[in-house]
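Have a look at the structure below before the remarks.
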Amino acid sequence: MPDPIEVRKVAIESVTDASGLAKLIDDGVIEAARVLAVIGKTEGNGGVNDYTRILADRAFREVLASRGHPSPESVPLVWSGGTDGVLSPHATIFATVDPASAVQSDEPRLSVGIAMSEVILPEDIGRPAMVEKVAAGVREAMKIAGIDDPRDVHYVQTKTPLLTLSTINDAKSRGHDVITEDTGPSMDISNSTTALGIAVALGEIEMPSADQIHRDLSLYSSVASCSSGVELDVAQIVVVGNVRGIGGRYRAGHSVMKDALDTDGIWAAIRDAGIDLPERPHPSDLGGRLVNLFMKCEADPTGSVRGRRNIMLDDSDVHWHRQIKATVGGVAASVTGDPAVFVSVAAVHQGPSGGGPVIAIADLG
């Protein structure tokens, strides 16, 4: 049986601030050596050249190293760039705790498994080879989390490589081509390919063909949240689910938003995490029990929401990534009453087209 989990959300007050993590360790809330993963939002542009992710990565690893983590370089730090609109930079820290000190419960409680995939070559991105490598990594992370039934998996957060000029040239030097030589769209393609790998591992879909990747929008995972960046060449995989008998205070749940305004989908995820709510809930009904929401979003490819036309996909001034992220961030914050929610863009194959998955983690005391 894996160890129970402690999970806390901390603010990031500047681009290199990791004081929230340091305080949790110094106050004895968590032990540095027991930190499993960090998932956070940084304040950059969210694009290929968003180096705020690297700055945050360095700051948090330095804290882990200074507090005695034996191998801080091995801890998955998954940073999603871009806090558009009211979204606030923050990080959610997952750590194990001593089973003897944890709340005992036979109810489903949070468990986390971490794995790294095989190296994802630039020529793998957007192709079945990447789907297979991610799926294998997800299965390994499930084993580490002690999760046998894919239905007990409520959240799979990944960080994968995207294409850069350097990696494109590397593939060419070895006689291979790549799915695209446009580095910007490669972020979306990396995310969508990874999501299909998650869906395959969890039995949500069969193995897709090459021509379905990033095209067949009927294929998706309801628990995938995929980000990509320039700072790695493997898939960092964090599987979050529930296990009976593990103990602890926390529980995960999930649902999907059917579109960018679907607050019912958000409330459904919170209920699935074990928080009792009235028929027409209000943020005050949460009572401090919601640790965080983790969400993906995508501009609806039809160019409309609930029958009303929008111009996100036609706007040449502000990329639709930033517009939909700000929109869904505002909707999520109106539900939680807290702008520090994890909202990430580029959600092809992550939830239904025009919507996205919603994962809630609750503190059930």
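Of note:
- Subset of the stretch 180-207 (residues that are over 18 Å from GLN350 (Cβ atoms) and in contact (Cβ under 8 Å) with a residue 40 or more places away in the chain): THR180, THR183, GLY184
- Of all residues making up the stretch 1-32, the number that are of a type in the set (Val, Ile, Thr), under 27 Å from ASP50 (Cα atoms) and in contact with a helix residue (DSSP H, G or I) (Cβ under 9 Å, 6 or more places away or on another chain): 4
- Just one residue in the set GLY85, GLY68 is on the phi > 0 side of the Ramachandran plot, free of Cβ contacts under 8 Å to residues at least 60 places away in the same chain and open to solvent by 40 Å² or more (accessible area, probe 1.4 Å); that residue is GLY68.
- Some residue of the stretch 348-356 being assigned by the TED database to the domain that holds PRO281, buried (at least 20 other Cβ atoms within 10 Å of the Cβ) and over 19 Å from HIS214 (Cβ atoms): no
- Qualifying residue in the stretch 276-291 (condition: of a type outside the set (Phe, Trp, Tyr), under 18 Å from the mean Cα position of the chain (by Cα) and under 20 Å from HIS154 (Cα atoms)): yes
- Which numbered condition ARG61 fails, given (1) in a strand (DSSP E or B); (2) charged (D, E, K, R); (3) at pLDDT 95 or above: (1)
- Boolean, LEU313 is surrounded by fewer than 20 Cβ atoms within 10 Å (Cβ to Cβ), among the aliphatic types (A, V, I, L, M), in contact with an Asp or Glu (Cβ under 9 Å, 6 or more places away or on another chain) and part of a loop (DSSP other than H, G, I, E, B): no
The values are calculated or read from the model by the stated rules, or taken from the named source; none is laboratory data. Nothing here was measured: the structure is a model prediction, and the numbers come from that model. Glycine gets a Cβ as well: all are built from the backbone with ideal geometry, and neighbour counts include every protein chain shown. Remember, those area values only see protein heavy atoms, side chains included, never the ligands or the DNA or RNA. Shrake-Rupley method; radii C 1.70, N 1.55, O 1.52, S 1.80 Å.
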